[in-house]
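See structure below.
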Amino acid sequence: MKQKEFNIPFSGLKQGKHEFEYKINNTFFESFGYDEFNDAKINLSVVLNKMSTMLELEMHAEGSVNVDCDTTSEPYDQEIEGALELVVKFGDEFNDENDEILIIPHGEHQLNIAQYVYEMLVLAVPQKRIHPGVLDGTLQSKVLDKLAELSPKEEKNDSEDSDPRWDELKKLQTDK
């Protein structure tokens, strides 16, 4: 389950900043049993700052996921961007209850960031997924045509809105 390529072996690294680059595709999400994306092309950069007592991780991701529009079911590429800062401290036992602080046992020599990356990216996608063509009116789709056909028609008929009791007064207003 845990993706080995997301293991960061920090014990052999010198103190200071170290950069790691990852390319993430849909297999990454499928390994978590997440199948809401048709495709994914994401670049992830991780800066690890190793200090004597702790590690600081800064993760930044940019790219796109191909999702289905909630309105039309048409697939489209949704641009996403995500960032996450994580502090890793050493303790008696593993503890990931806090979102920003991870505690790993003293003897550990590597860190797997896959779960954090997964959560950051899934949360980066908007709750409501709307094809840009729906927003600007350029998308031609059978679903949109059907929605337009079924939407209530607004008819502007003055005779319906008119009240006969006011008609006489309106005449007075125009007959000056």
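The values are calculated or read from the model by the stated rules, or taken from the named source; none is laboratory data. Please read these numbers as outputs of a predicted model, since none were measured by experiment. Cβ coordinates were reconstructed from backbone atoms using ideal geometry, including for glycine residues, and neighbour counts include every protein chain displayed.
So the values come out like this:
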read-out: Flag if ILE8 is farther than 20 Å from LYS128 by Cα, hydrophobic (A, V, I, L, M, F, W, C) and modelled with pLDDT under 95; value: yes
read-out: Elements of type strands (runs of 3 or more DSSP E) contained in the stretch 1-115, each with 3 or more residues being touching a residue at least 60 places away in the same chain (Cβ under 8 Å) and on the phi < 0 side of the Ramachandran plot; value: 39-50, 54-68
read-out: Matching residues, the stretch 118-161, being assigned to a helix (DSSP H, G or I), in contact with a Leu (Cβ under 6 Å, 6 or more places away or on another chain) and either at pLDDT 85 or above or within 30 Å of SER31 (Cα to Cα) (or both); value: MET120
read-out: The stretch 1-39 - residue that is small (Gly, Ala, Ser) and farther than 17 Å from TYR116 by Cα and, of those, surrounded by the fewest Cβ atoms within 10 Å (Cβ to Cβ); value: GLY12
read-out: Single unsatisfied condition, PRO105 versus (1) at pLDDT below 90; (2) under 30 Å from GLU58 (Cα atoms); value: (1)
read-out: The lone exception for VAL65 - which of (1) more than 15 Å from LEU123 (Cα to Cα); (2) buried (at least 17 other Cβ atoms within 10 Å of the Cβ); (3) not acidic (Asp, Glu) it fails; value: (1)
